[in-house]
Amino acid sequence: MKFENERYQDASDSSTFKTLAWVFGGLFALTLLTTIYYGFRSHNLTAEKSHLSTNLDDLDLQKGQLETELSSLDSNYQLQISENGTLSTTLEERVKEIDNLKSRVWSAKQKINKSEEENKVINEKLAQLETLKEDLESDIVSLNETNQDLIATNEKMSNDLQVSKEETSALSSQLAEMSIRNEALIKRLYTLAPAGFVANNFTVTAARKNDKLTAKAKQAEKINVSFDINDVPNELQNDEEIYLVLTKFDGDPVNELTTNEVEVASINPVTINVVNRTKTTLKDRQNIEMSFATDRDLDSGLYNLLVYADHGFLGSTTFQLQ
């Protein structure tokens with residue numbers, strides 16, 4: 001029993017020793033590993049410190065270079081600021097110059113546009129003047145030709161005028177003679193067939209178909225006549241037939257017109273060719289209006305218009321158609 005306990009005790013001591021040996025061995029190994037680790041780390045730190053030191057030197061060098069560059073940049077910056085101020089002033093001046101130039105360009109364009117419009121108007125007027133010039137040149141040629149014709153015509157007219165003067169002189173003599181004969185005829189009528197009252201204040205007009213007045217024989221469609229009969233004696237203020245008679249200035253009948261033959265019962269009865277007649281009741285004073293158609297059959301010249309009544313000749317007037 002005691003021997004077993006001793007064996008057990010020795011065995012226990014041996015086991016404890018092994019355990020301690022392992023523990024110390026582990027600690028030694030750990031210490032060794034730690035020493036190796038920190039040795040390597042210290043070496044690395046030394047290397048890194050050396051590297052960092054080198055880097056710091058480089059950084060100091062770079063810092064110096066950067067400070068130098070920064071100083072240079074600052075100088076350049078200040079210079080640029082100064083130049084920018086000058087440039088800013090110059091740019092403002094250039095902007096003003098540009099604005100002024102734009103204004104001048106705009107004004108020039110306006111003047112050019114206005115000038116183009118004026119040129120267009122001038123060109124149109126020049127074209128008109130050119131056309132007028134051509135027309136005037138043509139007219140001058142025509143006038144020269146006309147002048148030659150007029151010279152020839154003038155010579156002919158001078159000759160014709162001389163002939164016309166001679167004819168006019170002859171016609172004047174004839175007209176004077178006819179006037180004398182006409183007056184004698186009227187006086188004879190008053191003597192042979194007095195009505196006891198007279199017609200006066202004659203108005204004679206020629207009219208076209210539309211009642212517009214005319215003086216031309218070939219346009220006259222109708223002859224209108226108005227006259228007054230005044231101071232009619234009381235014994236003659238009765239119903240009375242009034243007659244119109246048309247003759248040529250020399251007293252010859254107008255054969256172009258249709259007439260009716262009527263005998264006037266006067267002191268000396270006379271036969272007349274009537275172009276129109278109307279019946280009226282005579283008073284002391286009256287205005288008579290009558291007319292007759294001509295149908296453009298009359299020739300130009302002088303005509304006598306005579307008025308009769310049942311009691312005889314009342315009066316006459318003379319008119320002309322061209």
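The values are calculated or read from the model by the stated rules, or taken from the named source; none is laboratory data. All figures in this text were calculated on a predicted structure; none of them were measured in a lab. Glycine also receives a Cβ, built like all others from the backbone with ideal geometry; neighbour counts cover every protein chain displayed. The area values use the complete protein model at the heavy-atom level, side chains included, leaving out ligands, DNA and RNA. Shrake-Rupley method; radii C 1.70, N 1.55, O 1.52, S 1.80 Å.
How large is the convex hull of the Cα atoms of segment 56-146 per residue, expressed in Å³ as a whole number?
131 Å³
Measure off 7 Å from each Cα along the Cα-to-Cβ vector at ARG208 and LYS125, then give the distance between these two points in nanometres to one decimal.
The two pseudo-label positions are separated by 4.5 nm.
Using a probe of 1.4 angstrom, how much of the accessible area of segment 204-322 is carbon and sulfur, in percent?
The C+S portion of the solvent-accessible surface of segment 204-322 is 38 percent.
Let me know the shape class of segment 272-322, please: from the alpha-carbon gyration tensor, a ≥ b ≥ c as square roots of the eigenvalues, rounded when a/c is under 1.5, otherwise prolate if a/b is greater than b/c, or oblate.
In terms of gyration-tensor shape, prolate.
How would you rank 265-275, 297-307, highest first, on the average number of other Cβ atoms within 10 Å across their residues?
297-307, 265-275
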